[in-house]
Amino acid sequence: MIKKIIIPVIILFIFVSCDENIVYKAPFKQKPVLYCVINADSSVQFAMLQKSFNDKDNPGNNYIKDAEVRLTSNNQSENLIDTSVINGNKKIDLYVARNFKPELGSKIKIEAKLSNGQQVSSSITLPEFKSFLLDQSGLIVPPVIDPRILFISWTLRKASKNLYFLPRLTINYKVRTNKGEEFRTYEIPLEYIEAGKKEIPIYPHIIPGQSILYFQKNIETAFREISKGDSNKSFYTIQNLTFEVIIMEKHLAQYAASIQSFENSYSVKIYEPLVSNIKNGIGVFGGYAKRSEKVPLDTDFVLSFGYKFEEQ
């Protein structure tokens, strides 16, 4: 069965210090590649099994079929189903569990037995915390305390150690088009860097700390960018500004840093050097949770761009 799933793109740029249990380079021999990222906020989980190098008899498909893949956590366990999904215009073969929602802080094990008898496995502990608290003091756009800087900080109550964070500040808006209203998002970069006649956005890295700083000039640039080249500014309606934090355990953070990108829960670049925590194979088994809060917007600030403001 092929199902269409829309997956958000997450770009990670950082170097995270390595762990002695992580292997940074795969040897040049065929090994199973297992990639599974547990979303603690969902009951649907994905895993991918591939060959580490092209099969000369079938170079177009490295996917390993007919494996027995199982997730186990505390009092629950589920066998994953061999299936396919559509990501964009591309068909992706993978394994899926549809009723596996582990608790924060739980230990999870994944095991895969291939048809040739090979077995790979890995274990992680999900991030643990009791609550996510965003510091609301002086939090508004444009900033009041220092008009040049928006400082955002957050706290996790009773959190586990060795957690990493990917923060994102996003404009949520809708646009009136010939086809009707379209809902869109625009992530605000930390910085814009000039490259010739273009401005290249630079987004937040994974960080071990719990705060981030945005310059107001870059926030203003982002608000202008959403309607760049369109004179019909009144066709744009700002709904809200959302601050989101992706909270990762260390294996996922280290893997993402090693390949400089993390697209979604079932993408892996097996041709690049890997940080691996997979026994008898290569790849990554990791986990994360997301938390988000709205950041207040000043009405006059939004209207100054010619946009409408309907706070959601």
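Per-residue Cβ neighbour counts within 10 Å put 248, 48 in the sequence 48, 248, beginning with the fewest. Close amide H partners of residue 94, meaning residues 5 or more places away or on another chain with modelled amide H under 5 Å apart, are 83, 84, 85.
A straight chain from residue 87 to residue 303 at 0.36 nm per residue would run longer than the Cα-Cα distance by 74.1 nm.
As a proxy for reagent exposure, 245, 44, 295 were ordered by neighbouring Cβ count within 10 angstrom, fewest first; the result is 44, 295, 245.
Of interest is the spacing of the C-alpha centroids, which for region 84-113 and region 157-236 amounts to 29 Å.
Placing R0 at 25 angstrom, the Cβ-Cβ distance between residue 41 and residue 216 gives a FRET efficiency of 0.20 after rounding to 0.05. Taking label positions 7 Å along the Cα-Cβ direction at both residue 179 and residue 130, the computed distance is 4.8 nm, reported to one decimal. Among 166, 139, the ranking by other beta carbons within 10 Å of each residue's beta carbon, starting with the fewest, stands as 139, 166. On the basis of the beta-carbon distance and an R0 of 30 Å, residue 193 and residue 155 show a calculated FRET efficiency of 0.45.
Across region 110-127, computed HN-Hα scalar couplings (Karplus, 6.51 cos²θ - 1.76 cosθ + 1.60, θ = phi - 60°) run 10, 10, 9, 10, 7, 5, 8, x, 5, 10, 10, 7, 6, 9, 9, 10, 5, x Hz from first to last residue, x flagging Gly and Pro.
Coordinate-derived values only; no laboratory data. No experiment lies behind these values; they were computed from the predicted model shown. Here the Cβ is made from the backbone with ideal geometry for all residues, glycine too, and neighbour counts use every protein chain on show.
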